[in-house]
Amino acid sequence: MCGIVGYIGPRNVKDVVVGGLAKLEYRGYDSAGVAALADGNIRIVKAVGRLANLEEKLAQMPISGHVAIGHTRWATHGKPSDENAHPHQDCSGRFAIVHNGIVENYLSLREELVALGHEFRSETDTEVVAHLIEEMYNGDLFETMIAVGKRIRGAYALVVMAKDHPDEMIAIRRASPMIIGLGEKENFVASDIPAILEYTRDIYVMEDGEMAVLRRDGVECFTMDGEPVKKEVYHVTWDAVSAERGGYPHFMLKEIHEQPRAVRDTLRGRVSDDLSRVELPELGLAEEDIRAIDRIHIVACGTSWHAGLVGKAAIETFARIPVNVEIASEYRYADPIVTDRTLILAITQSGETADTLAAMREMKKRGVRVVAITNVVGSSAAREADSTIVTWAGPEIAVASTKAYTTQLVALYLLAVRFGLARGTLAEEKAREVLAALDDLPQVVEQVLDTAPQIESFAKRYKDAHDTFFIGRGMDYAVSLEGALKLKEISYIHAEAYAAGELKHGTLALITDGVPVIALAMQPELYEKTLSNIVEVKARGAFVLGLTWVGNEDLEKTVDEVIYLPKTMPLLAPVAAVIPLQLLAYYAAVARGNDVDKPRNLAKSVTVE
Ligand code: AGP
C-alpha cells in the first residue's frame with residue numbers, strides 16, 4: 001500500500017508533490033521519490049527511508065517544471081533501497097512511472113522484456129511496466145497505455161509521464177485506490193484525498209478499470225478500452241486529519257474495515273486461477289524439503305502468537321506435521337529440541353519484535369531453517385529469515401493489531417495447503433474446496449463488518465464491566481484469546497479467554513450475576529459441547545453474547561444476545577469470528593474515552609526484551 005501523487009499545473013511541483021506525499025506517508029515509508037519534466041527532460045530524485053531523506057536530497061538536487069509525479073513506498077517486491085524506490089523508468093528514460101499495487105505477472109513479463117534486450121535497474125514488479133510502455137509505444141501515449149493495461153495483471157494505481165508528452169500525464173486504476181483532484185488550470189492525481197486537500201475539495205473517484213488523461217485545462221476519463229466515461233464530481237468535506245484516516249475517527253477502525261482488501265491482497269497471485277494449487281515461490285522450499293519436515297515450531301508474541309494457534313490447527317489438519325506454538329520470550333531461553341528436520345515459522349507483523357528476532361537468531365545459529373511471516377518487507381525478520389512470506393495488509397498504524405492478524409491467518413492457511421499437497425496428506429479435491437473457501441473470504445469479511453452496529457450497542461451497554469470472559473472450543477478458543485487481548489489492550493477492561501471445557505475446573509467461580517461472557521460457537525462439530533458450557537455460565541447468572549453461524553438459531557434459546565456470522569469452512573471461521581471481537585474492543589474503548597490508536601503502556605513494535 002504505497003502513496004502516489006501527480007500534478008500538472010503552474011505551482012511549484014516540488015511543494016505540491018512532496019507536500020502531498022507527506023500526507024500519504026502513513027501508507028508506506030520505505031523509500032520516496034519524485035520525477036519532474038522540465039525543458040524536455042525528466043529529472044528523477046529518490047531516496048531510501050522516510051520522506052525527510054528525499055527532502056534532503058532535493059535540497060541538493062532541486063526539481064522544477066509543471067508536470068511531476070511522486071511516490072512513497074511500502075515495499076512488496078524488492079527490499080527498501082534507492083534502486084527499488086519509485087519513480088521507475090525504461091531504458092531510454094523517456095517514460096517515468098509510479099505505482100501502488102502488485103503486478104502479478106511481472107516475472108513472466110520481465111523474462112520476455114529481458115529477452116528483447118531491456119535492462120532492469122531494480123527488483124521491483126513496477127519497473128516491468130516502464131519497459132513494457134517503452135516496448136509497446138507507438139507515438140500515442142493514450143493508446144499505448146490501453147495496450148499495456150491489457151498485458152499487466154494484478155492491482156495497480158499507476159501514473160505515467162513522458163518526455164514527448166509534456167502537457168499530459170496518464171493514470172490507470174485497477175483495484176488499488178485512486179482519486180483525481182480537479183483545479184483551475186491545474187489537476188492532481190493521488191492514492192488518497194489527504195494529498196490534495198490543501199488545493200481542492202472537488203475530486204473524481206476513479207473506479208476499477210478506469211483511466212484518466214490529465215492536462216492543465218482538464219481531465220478526461222475513459223474505460224481501460226478507451227471508451228469515454230462521464231465522472232461525477234465529489235465534494236470532500238473532511239478535515240485534513242480525518243482524511244489521513246480515510247474519514248474514520250481512528251486508524252484502528254479504518255484498519256478493521258480494510259480487512260476485505262487486505263485478505264484479497266494477501267491471496268493475490270498465490271492461488272492458481274483454477275483454485276487447485278498454492279503458489280508460494282518465495283518460500284524457497286522444494287517438494288522434498290517440505291516432505292522432509294518432521295516438526296514445526298511457530299514462534300511469536302502477542303497477537304501473532306494467537307495467529308500461530310490457528311496456523312497449528314490448519315497445518316496439522318492439512319499437512320499432518322506436529323506443530324508447537326511457542327511464546328518467543330520463553331522459547332529463546334528454553335533450549336528447545338530441534339533437528340535439521342524442524343522448521344521454524346516466526347510470525348511478526350512489524351518484523352522488529354526483539355523476542356521473536358532473538359528466537360530466530362538462536363535457531364539460525366543451530367542451523368535450523370527459519371521462515372518468517374511478516375507484514376514489513378525489509379524488516380529485520382524479513383532480512384534475517386531464510387525465506388519470508390509477506391502478508392500484504394499494508395501499514396498497520398494502530399497499536400492494536402487487526403488486519404495483520406487476519407492476513408497472518410490467510411498466509412498460514414496457504415502454507416498449510418501448500419504443505420498438504422506436497423506431502424500428499426491433502427487430497428486435491430479437498431484442496432480445491434479449501435482454496436475456493438479462501439477465495440470467498442474477502443466477501444465473507446465484508447458481510448461480517450455489517451454486524452458493527454449491533455456490536456457497538458453491546459459495547460456501549462457493557463463498557464463499565466470490570467471483568468469479561470471469552471469462551472470457545474478448538475479454533476474458537478484460539479480466537480477467544482485474541483478477543484480478550486484486544487479488549488484488554490485498548491479498553492483496559494480485565495478480560496480472560498478460556499477453553500470452554502476448562503471453566504468448571506476453577507474459573508467458573510468468577511462467574512456471577514451479570515458478568516459478560518462472550519461465547520464463540522462457530523465450530524459445528526464442537527457446538528453441542530460448547531452449548532453445554534454456555535449453559536454452565538448462564539446458570540451462574542452470566543450475560544452471554546453468543547457468536548455463531550447464520551442459520552444456527554438454536555443458540556438463541558440459551559444466550560442473551562446472538563451475533564450471526566456468514567458461514568464458511570470451520571477451519572477458516574477464525575477470520576470471520578475475530579472481527580466482531582475487534583469491533584467490541586474498539587467500541588468499548590471509544591465509549592470509555594480511551595486513546596484507541598495509542599493505548600497506554602504499549603508500543604506498536606516491542607523492540608526491547
Ligand atoms: C497486538 O495488538 C499487540 N500490538 C501486540 O501483542 C503484538 O501483536 C506483539 O507485540 C507482536 O508484534 P509483532 O507481530 O509485530 O511481532
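The values are calculated or read from the model by the stated rules, or taken from the named source; none is laboratory data. All figures in this text were calculated on a predicted structure; none of them were measured in a lab. Note: ideal-geometry Cβ built from the backbone for every residue, glycine included; neighbour counts use all protein chains shown. The area values use the complete protein model at the heavy-atom level, side chains included, leaving out ligands, DNA and RNA. Shrake-Rupley method; radii C 1.70, N 1.55, O 1.52, S 1.80 Å.
With contacts defined as alpha carbon pairs under 8 Å and 6 or more residues apart, what's the relative contact order of the chain in percent?
11
Hydropathy first: keep DSSP H helices in the chain averaging at least 1.6 on Kyte-Doolittle, then drop any whose Cα extent along the axis falls short of 20 Å, and list what survives.
Long hydrophobic helices here: 573-591.
Excluding residues fewer than 8 places away in the same chain, name every one of the lysines whose C-alpha is closer than 27 Å to that of LYS150.
Reachable lysines: LYS163, LYS230, LYS231.
Pairs of alpha-carbon atoms within less than 8 angstrom and 6+ residues apart define the contacts here; what relative contact order does the stretch 145-261 have, in percent?
For the stretch 145-261, the relative contact order is 21 percent.
Using a 1.4 angstrom probe on heavy atoms only, work out the carbon and sulfur share of the accessible area of the chain in %.
Carbon and sulfur atoms account for 49 percent of the accessible area of the chain.
Find which of LEU182, HIS118, SER605 sits farthest along the positive direction of the dipole of the chain, computed with +1 on the beta-carbon of Lys and Arg, -1 on that of Asp and Glu, about the Cα centre.
Of the listed residues, the answer is SER605.
Toward the positive end of the charge dipole of the chain, about the Cα centre and with charges on Cβ (Lys, Arg +1; Asp, Glu -1), which of ALA437, ALA576, VAL13 goes farthest?
Toward the positive end, the furthest listed residue is ALA576.
Give me the distance in nm between label points sitting 7 Å out from Cα along the Cα-to-Cβ direction at LYS430 and ARG268, one decimal.
3.2
Starting from the Cα coordinates of the chain, work out the convex hull volume and express it per residue in Å³.
Each residue corresponds to 159 Å³ of Cα convex hull volume.
Might you tell me the accessible area per residue for the chain, computed with a 1.4 Å probe and given in Å²?
37
Counting only Cα atoms, I'd like the Rg/Rh figure for the stretch 237-297, Kirkwood definition for Rh.
Answer for the stretch 237-297: 1.26.
Would you mind calculating the relative contact order of the stretch 425-531 from Cα pairs under 8 angstrom and at least 6 residues apart, reporting the percent as a whole number?
That works out to 29 percent.
List the lysines whose Cα sits under 19 Å from the Cα of LYS557, skipping any in the same chain fewer than 8 residues away.
LYS529, LYS538
When only the heavy atoms of the protein chains count and the probe is 1.4 Å, how do HIS494, HIS466, HIS118 rank by accessible area, highest first?
From most accessible down to least: HIS466, HIS494, HIS118.
Which order do the peptides 340-352, 26-38, 132-144 take when ranked by the mean count of other beta-carbon atoms within 10 Å per residue, highest first?
Descending packing order for the listed peptides: 26-38, 340-352, 132-144.
What is the sum of charges around LEU510, taking Lys and Arg as +1, Asp and Glu as -1, for the other residues whose C-beta is under 10 Å from the C-beta of LEU510?
Residues close to LEU510 contribute a combined charge of -1.
Spelling out what I want: for every residue of the stretch 160-169, take phi, set θ = phi - 60°, compute 6.51 cos²θ - 1.76 cosθ + 1.60 (Karplus), and round to whole Hz; glycine and proline get x.
10, 10, 9, 3, 7, 10, x, 9, 7, 9
Can you tell me the length gained on complete extension of the stretch ARG291 to LEU275, counting 0.36 nm per residue apart and subtracting the Cα distance?
Once the chain is fully extended between ARG291 and LEU275, it gains 3.5 nm.
Are there any trypsin sites (Lys or Arg not before Pro) in the stretch 470-561 that are in a DSSP loop and have at most 15 other Cβ atoms within 10 Å? List them by number.
Here the sparse-neighbourhood loop sites are ARG540.
Excluding residues fewer than 8 places away in the same chain, name every one of the aspartates and glutamates whose C-alpha is closer than 17 Å to that of LYS57.
Leaving aside aspartates and glutamates fewer than 8 places away in the same chain, those within reach of LYS57 are ASP15, ASP30, ASP82, GLU83.
For q = 0.10, 0.13, 0.15 Å⁻¹, what log10 I(q)/I(0) does the stretch 181-319 give under the Debye formula with an equal point scatterer on each alpha carbon and no solvent?
These q points yield log10 I(q)/I(0) values of -0.62, -0.84, -0.94.
A 18 angstrom limit on the alpha carbon distance is what I want to check against. Which of LYS254/LYS312; LYS460/LYS604; LYS312/LYS604; LYS463/LYS488 exceed it?
Violating the 18 Å limit, Cα to Cα: LYS254/LYS312; LYS460/LYS604; LYS312/LYS604.
Could you tell me how far the Cα centroid of the stretch 476-511 sits from the Cα centroid of the stretch 581-603, in Å?
A separation of 17 Å, based on Cα centres.
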